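Have a look at the structure below before the remarks.
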Amino acid sequence: MTGLVIKSTGLWYDVLVDEQVHPARLRGKFKLEDKKITNPIAVGDEVEIEANEQVENEWVITEIKPRRNYIIRQSPRKKGHSHLLASNVDQGVLIVTLKMPRTSVGFIDRFLVTLEAFRIPGVIIFNKKDLYKTKEFTLFEELREQYEAIGYTVFLTSFLEDVSILKPVFEGKRSLISGHSGSGKSTLVNKLIPDANQEVQEVSTFANKGVHTTTFAELFQVDEHSSVIDSPGIKELGLAEIESDELSHYFPEMRKYLGQCKFHNCQHYEEPGCAVKAAVGNDIAERRFESYLGILFQDDNRA
């Protein structure tokens, strides 16, 4: 039978087939096919399952269908390995908080780069506006202008209030919701789907950090044509499967300058005649260029 993976616990998967959920495990051979992936199956995958003849009400995943896209990051636990966040999604939705906890611009840009690698549309939702003061509102306006100028959809709201303005964002799409622990991912899921009953905890005022409440990725159906994938909170987002010489391709405002630099392999750092560097401060926001260099140096181990 063909089904959809709607929950992953690492060892077991919930597979939805004709509105029935089947607990399934992975046939051992898949674990050896790609040693660089910590989780060979992600929520959003379509798979083939068959009944385990030795164990009642247990199923075995025998095949993973080809993915149209996926969102991946470096594994935080296994060096040199990658971890799949979700597959076959229509958009990535990043929950950003400028207070309690604070989301850095670098984190936002890393998430957007992972989406751009598969041309997955990105939506940025700034949450907890009820905590904002003049400094945060000023920063939000600067970031909103910056991200909308390069094609991203940006919202400002508080999930403690009415979130009906956000419902059209999710209509007719399968959306991955991501962000730091404590940013409000599970609160948003509970608002969109009251039956989801996702656990929510307060952010620690001492450490100003969120507490992990979503342990495993899980897909929830909003309506017949819409679904969301709630993912565990991400502390750091290491990029995977992106080479340093192609990094600028995933910054839309830099992409339009491809082929205009003096050197065809220009990485937009110290090279003379760089069209990208010449555009910084005009077409390219300084914050975004700083994020680009931060990713280039950190992920390429050059600084």
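The values are calculated or read from the model by the stated rules, or taken from the named source; none is laboratory data. Here the structure is a predicted model, which is why all the values come from computation and not from measurement. Here the Cβ positions follow ideal geometry from the backbone for every residue, glycine too, while neighbour counts run over all protein chains shown.
Is it true that some residue in segment 133-151 is among the polar types (S, T, N, Q) and under 18 Å from H180 (Cα atoms)?
Taking every residue of segment 133-151 in turn, none turns out to be among the polar types (S, T, N, Q) and under 18 Å from H180 (Cα atoms).
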| Of the residues that sit in segment 245-267 and are surrounded by fewer than 19 Cβ atoms within 10 Å (Cβ to Cβ) and under 20 Å from the mean Cα position of the chain (by Cα), which one is farthest from I120 (Cα to Cα)? | E246
| query | Yes or no: L296 surrounded by 16 or more Cβ atoms within 10 Å (Cβ to Cβ) and closer than 21 Å to I242 by Cα? | reply | yes
| said: Looking at segment 257-276 only, could you name the residues that are of a type outside the set (A, V, I, L, M, F, W, C) and touching a residue at least 12 places away in the same chain (Cβ under 8 Å)? | reply: Y257, Q260, K262, N265, Q267, H268, Y269, G273
| query | So which of L160, L176, L156, L166 ends up being among the aliphatic types (A, V, I, L, M) and touching a residue at least 60 places away in the same chain (Cβ under 8 Å)? | reply | L176
| said: Suppose the filter is in contact with a Pro (Cβ under 7 Å, 6 or more places away or on another chain) and modelled with pLDDT under 95; does V211 pass it? | reply: no
| message | Quick check on R144: is it more than 23 Å from I6 (Cα to Cα) and either touching a Pro at 6+ places or on another chain (Cβ under 9 Å) or assigned to a loop (DSSP other than H, G, I, E, B) (or both)? | response | no
| query | Given the structure, is F118 of a type in the set (F, W, Y) and modelled with pLDDT of 95 or more? | reply | no
